[in-house]
Every structure is written in structure tokens, then in C-alpha cells.
1. Tell me, what is the FRET efficiency for residue 85 and residue 105 to the nearest 0.05, using R0 = 25 angstrom and their Cβ-Cβ distance as r?
2. For a distance above 23 Å, tell me the whole-number percent of Cα pairs in the stretch 1-105 that qualify.
3. Rounded, prolate or oblate, given the Cα gyration tensor of the stretch 1-58, with a/c below 1.5 counting as rounded?
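Computed from the coordinates by the stated procedures, all read-outs in this text should not be read as laboratory data. Predicted model, so just to flag it, every value in this text is computed and none were measured. So basically every Cβ, Gly included, is an ideal-geometry build from the backbone, and we count neighbours across all protein chains shown.
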Amino acid sequence: WTLGALCNDILLVLNQRHNIIERIQSFINIYVNIINTFILISSGYFINAIIHNSSLLMLYLAIPIFIVILHMLSIPFVHYHLKNTKIGYYYLSLPIYILATPVLSFIQHIYTLINLDNFNWNKKTIQIDNTVEETMV
């Protein structure tokens, strides 16, 4: 699925017949897919530098990270209509979301690159009594 969407975005950017808004949006999708790996690796190096080589400059550079974290922690208080169980589920799932999303996205990109030449469009070959059929899975 990722490969098809990325290829379609590349074709939209290169096709002169589409309007400029669609082409800009497709270019942004391509850019986000490419920059995601860089953000994952650089965030890891930055957190490592904060832990091992902490200085006042590093803490100043980390202020945007703390703002985002405080915003994520305050969401249930801003949306006060949530029930207590939903707030608990939110706080239980927040670390999983923060830790798993970049890793799974990186794995998805690697999987896409490995299977770049596999265009079977979700068809599966089934052999029944020496006859071959292609069916949609």
C-alpha cells in the first residue's frame, strides 16, 4: 500500500496535467516520507547528546520538545468531557504511541524498499488440480 501511494505521488508531481495544488501536496507527501528516517535518527542522537553531554545550550534547544510533551500530557485536562477510564487509556497508550510510531514507520519504509519490485496488487496464485487461478485476497 505504501509503495503504491508513494509511486502515485511521484507520478502526480511529474505530471504537468494536474493542477498545482495537487502537485504541491504530493511533493509534501514525498518529502515527509523521505525526511521521516532523518527525524528518527537525529532525534535519537539529540536525546543521547542531552543525556550524556548536557549543557545549558542543549536544554535551550530541548525546550520545543518539552512544550510538545506538556501539550500531550495536558490534552485530557483541556478536553474535560472525557471520562476517567478514557483518560487512563490515554495515558497508558501515550508512551506506546511515542515510542512505537517512529520505529514502525521506519520499519515500513525499509519493508517498502525491500519489496520495491513486488507489484502483485494483492493477487494470490492458487493451484487447484493442475489449474492455476489468480484470486484477490
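1. My answer for the efficiency is 0.30.
2. When every Cα pair of the stretch 1-105 is considered, 54 percent fall beyond 23 Å.
3. Prolate is the answer for the stretch 1-58, as a/c is 1.5 or above and a/b outweighs b/c.
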